[in-house]
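Asker: Right, I'll just put the structure down here and ask away after.
Coordinate-derived values only; no laboratory data. Only a predicted model underlies this, so the values are computations on that prediction, with no experimental measurement involved. Reconstructed Cβ throughout: ideal geometry from the backbone, glycine too, with neighbour counts over all protein chains shown.
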Amino acid sequence: MLMPLSEKIRLFFRLHLLKLFLMLLKKDKTTLVLNKMNQSHRVSVYLSKQIKSKSEHMLFKNLKSGR
């Protein structure tokens, strides 16, 4: 395909910018997924701590009452 050099350069930069843009989109999606995973991990850690403290509280209460 015969094109003037300036047209080839313009096309090259358009493709390069498109590639960079797609890489940024992919990175954003990856970051979004990682944030969601981190958020769900923090929620599970919080819930396990709540359950642990609740069970320790009940155990201590049962020991105090002599059961």
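Asker: Can you name the number of the only condition in (1) surrounded by 10 or more Cβ atoms within 10 Å (Cβ to Cβ); (2) assigned to a helix (DSSP H, G or I) that Ser6 fails?
Answerer: Status for Ser6: all satisfied but (1).
Asker: How many residues are surrounded by fewer than 10 Cβ atoms within 10 Å (Cβ to Cβ) and not small (Gly, Ala, Ser) if we restrict to region 52-67?
Answerer: As a first pass, look at region 52-67 and keep what is surrounded by fewer than 10 Cβ atoms within 10 Å (Cβ to Cβ): 63-67.
So of that shortlist, the ones also not small (Gly, Ala, Ser) come out as 63-64, 67.
Adding up the residues that qualify gives 3.
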